[in-house]
Amino acid sequence: MTQFVLAFFTIHDRASYDRYAELATPIFIREGVKALANDEAPQVITPGIEADKVVLLEFRDKDHLRDFFALPDYIEATKFRDAATTMNVIQFERFAGI
């Protein structure tokens, strides 16, 4: 079943985040990960949540998601992201009810 990853984060080191994006974007494309949303000016509705950016990713299934996050080149790229941001990430499945 389709899996989604929703990430929202604050960026405190733009240069390092940009390096992550430079390294990670070709990996997302190569691996068939769909970026369904990517907004650098999200409107926060819930008090207490901070977010400079939000991203919604789509994976074919749980294996696709697991395998993607285990890729050595993606793990290397995330070092720049992790150094540059404070993140919250949620994984969830497509609603199959309707």
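The values are calculated or read from the model by the stated rules, or taken from the named source; none is laboratory data. Keep in mind that what you see is a predicted model, and the values were worked out from it rather than measured. Neighbour counts are summed over all protein chains in view; Cβ atoms, including those assigned to glycine, are modelled from backbone coordinates with ideal geometry.
Remarks
- Looking only at residues in the range 1-23 that are over 14 Å from the mean Cα position of the chain (by Cα) and buried (at least 16 other Cβ atoms within 10 Å of the Cβ), the one that is modelled with the lowest pLDDT is Thr2.
- Residue within the range 42-59 that is over 13 Å from the mean Cα position of the chain (by Cα) and part of a helix (DSSP H, G or I) present: no
- Residue list for the range 1-28, filter: within 21 Å of Phe92 (Cα to Cα), aliphatic (A, V, I, L, M) and not in a strand (DSSP E or B): Met1
- One residue stands out among those in the range 67-95 that are in a strand (DSSP E or B) and hydroxyl-bearing (Ser, Thr, Tyr): the one that is farthest from Thr25 (Cα to Cα), which is Thr86.
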